[in-house]
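Note sheet for the following structure.
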Amino acid sequence: MLAPLLLVAALALGRASPPPAARQLLVVTTPGWDSVSGTLRRYERSGAGAPWRTVGAPVPIVVGQSGLAWGDDASGRRGDPRKHEGDGRAPAGRFTLGTAFGFAPRGEMDRVRLPYLQLADDTECVDDSASVHYNTLIDRGAARRVDWASSERMRTIDLYRLGVVVRYNADPVRRGRGSCIFLHIWRTAGSPTAGCTAMPADDLETVVQWLDPSRRPLLVQLPASEYARLRRAWRLP
């Protein structure tokens with residue numbers, strides 16, 4: 001049984017600046033702003049000042065059908081694309097990760113250390129920027145008032161049978177800046193998303209089981225040129 005409101009916290013965004021104590025890092029890079037394919041790499045470290053160590057092999061990924069766009073106003077340069085609702089771009093920047101979700105019951109997900117939400121038939125992610133529930137997961141049947149005209153019905157989307165919430169645009173929510181950003185299963189290689197980051201199911205399962213909230217995992221998504229420009233300032237591997 002779902003909580004009456006599926007926890008605005010499930011999509012609550014951490015601050016744009018990276019937690020200094022982050023000890024797990026997912027790095028997604030693409031060849032350019034408009035590229036839809038790229039690579040995910042995992043890193044970990046023993047403490048805040050320790051060097052990053054590579055974990056596992058690189059993973060192929062796809063991002064939004066229009067590529068990437070800055071979700072963090074402080075990091076971009078003039079002329080760079082900026083994320084907004086419906087632009088078909090995945091957010092570029094630094095993001096904390098939240099709740100894992102999927103179709104399986106919690107009891108079958110004992111290897112997942114993140115908080116886990118089993119999606120129900122009326123679990124929705126609201127992408128209507130006029131709604132007070134914009135960019136939140138919600139149990140439609142428990143809402144006091146359904147004030148949205150557009151949402152993703154999560155359980156009907158097979159690619160959401162496993163995923164992780166990317167904490168983008170919720171601290172505070174900025175209307176029209178983009179919503180419902182996840183890590184999830186891809187349809188196939190080269191098949192982009194509407195704005196999420198997707199990968200093969202087996203690789204996503206490995207990533208989800210590796211993520212440990214006590215190690216404050218962080219996601220960095222950037223075109224390769226921006227990664228090179230910001231690598232030292234952001235203390236990236």
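The values are calculated or read from the model by the stated rules, or taken from the named source; none is laboratory data. All values reported here derive from a predicted model rather than from experimental measurement. Heads up, the Cβs are rebuilt from the backbone with ideal geometry, glycines too, and the neighbour counts pull from every protein chain shown.
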Conditions (1) within 14 Å of the chain's Cα centre (by Cα); (2) within 18 Å of Ala198 (Cβ to Cβ); (3) β-branched (Val, Ile, Thr): number failed by Thr96: (2)
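Any idea how many residues of region 173-195 are assigned to a loop (DSSP other than H, G, I, E, B) and surrounded by fewer than 24 Cβ atoms within 10 Å (Cβ to Cβ)?
Final tally of qualifying residues: 13.
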Count of region 156-167 residues which are surrounded by fewer than 19 Cβ atoms within 10 Å (Cβ to Cβ) and either within 13 Å of the chain's Cα centre (by Cα) or assigned to a loop (DSSP other than H, G, I, E, B) (or both): 2
Pick from region 151-202, criterion touching a residue at least 60 places away in the same chain (Cβ under 8 Å) and hydroxyl-bearing (Ser, Thr, Tyr), ranking: farthest from Gly93 (Cα to Cα): Ser191
Search result, residues across region 170-193 that are at pLDDT 95 or above and either of a type in the set (Asp, Glu) or in contact with a Cys (Cβ under 9 Å, 6 or more places away or on another chain) (or both): Ser179, Cys180, Ile181, Phe182, Leu183, His184
Count - residues of region 56-79 that are at pLDDT 95 or above and either under 18 Å from Leu230 (Cβ atoms) or of a type in the set (Gly, Ala, Ser) (or both): 9
Failed item, numbered, when Leu117 is tested on (1) within 26 Å of Ala21 (Cβ to Cβ); (2) in contact with a His (Cβ under 9 Å, 6 or more places away or on another chain); (3) part of a strand (DSSP E or B): (2)
Residue in region 65-76 that is in contact (Cβ under 8 Å) with a residue 60 or more places away in the chain and closer than 20 Å to Val207 by Cβ present: yes
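Please go through region 67-93 and pick out each residue that is aliphatic (A, V, I, L, M) and either part of a loop (DSSP other than H, G, I, E, B) or under 12 Å from the mean Cα position of the chain (by Cα) (or both). I'd like the intermediate steps shown before the answer.
Taking region 67-93 as the starting set, the residues that turn out to be aliphatic (A, V, I, L, M) are 68-69, 74, 90, 92.
Hits for region 67-93 are Ala74, Ala90, Ala92.
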Arg53 vs. criteria basic (Lys, Arg) and either at pLDDT below 95 or buried (at least 19 other Cβ atoms within 10 Å of the Cβ) (or both): no
Residue selected from region 120-140 under the condition under 23 Å from Pro213 (Cα atoms) and part of a loop (DSSP other than H, G, I, E, B), by the criterion modelled with the highest pLDDT: Asn135
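Looking for whichever is surrounded by fewer than 15 Cβ atoms within 10 Å (Cβ to Cβ), in a loop (DSSP other than H, G, I, E, B) and not aromatic (Phe, Trp, Tyr) here; the options are Ala149, Ala170. Which one fits?
Working: Ala170 fails: surrounded by fewer than 15 Cβ atoms within 10 Å (Cβ to Cβ).
Step by step, each of Ala149, Ala170 is checked, and only Ala149 is surrounded by fewer than 15 Cβ atoms within 10 Å (Cβ to Cβ), in a loop (DSSP other than H, G, I, E, B) and not aromatic (Phe, Trp, Tyr).
Can you tell me which of Val59, Val126, Val36 is in contact (Cβ under 8 Å) with a residue 12 or more places away in the chain and in contact with a His (Cβ under 8 Å, 6 or more places away or on another chain)? Please lay out each step first, then the result.
Details: Val59 fails: in contact with a His (Cβ under 8 Å, 6 or more places away or on another chain); Val36 fails: in contact with a His (Cβ under 8 Å, 6 or more places away or on another chain).
Testing whether each residue is in contact (Cβ under 8 Å) with a residue 12 or more places away in the chain and in contact with a His (Cβ under 8 Å, 6 or more places away or on another chain) leaves just Val126.
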Counted residues, region 87-117 - those being farther than 19 Å from Gln24 by Cα and touching a residue at least 40 places away in the same chain (Cβ under 8 Å): 10
Top-ranked residue of region 95-146 - restricted to ones that are under 27 Å from Asp72 (Cβ atoms) and among the hydroxyl-bearing types (Ser, Thr, Tyr), ranked as surrounded by the most Cβ atoms within 10 Å (Cβ to Cβ): Tyr134
